[in-house]
Amino acid sequence: MKFGGRQALNISIGTTPQGHKSNTRRSTRLSRQIPVVITSLDPAHNFAGNYETLVVNAHGCGVIVREQLEKEMPMTVELVANGRIKKARVVLVRPLTEGVSWLLGLEFEHPAADFWEIENPPADWRT
């Protein structure tokens with residue numbers, strides 16, 4: 001599907017707590033472009049960069065990056081606005097443009113309904 005000459009992304013990032021794919025979300029996704037700094041915690045992989053989220057929820061976020069990363073890689077997500085940091089891991093790596101950009105799904109170590117500072121978040125964010 002295309003919108004205005006750009007391909008629309010079907011963002012399907014989440015998994016169930018047992019790691020099996022499911023159509024049931026643990027928390028509602030919101031489309032929000034929030035500036036973040038994403039940094040690898042893997043000493044063997046020096047990766048850090050400034051990005052904007054595509055979607056956020058109480059369990060993590062989706063971002064587009066210009067480097068292919070490994071699933072399960074430990075990361076931090078830092079909010080540029082206030083410096084708050086959450087530990088996360090890569091749960092999805094989906095190529096968007098071959099060799100150029102990837103959609104990452106990042107899952108927080110622990111859900112955090114208040115991390116994104118969303119006014120009136122969905123009821124299912126309260127974990």
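Tabulated values for the structure
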quantity	calculated
5 angstrom amide H check on residue 53, placed H, neighbours 5+ away	34, 36
Segment 25-119, dipole about Cα centre (Lys/Arg Cβ +1, Asp/Glu Cβ -1), debye to the nearest 20	240
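Each reported figure results from applying straightforward, stated rules to the coordinates on display, with no laboratory input. As the structure is a prediction and not an experimental result, all values here were calculated from the model. Using ideal geometry, Cβ is built from the backbone for each residue, glycine included, and neighbour counts are taken over all protein chains shown.
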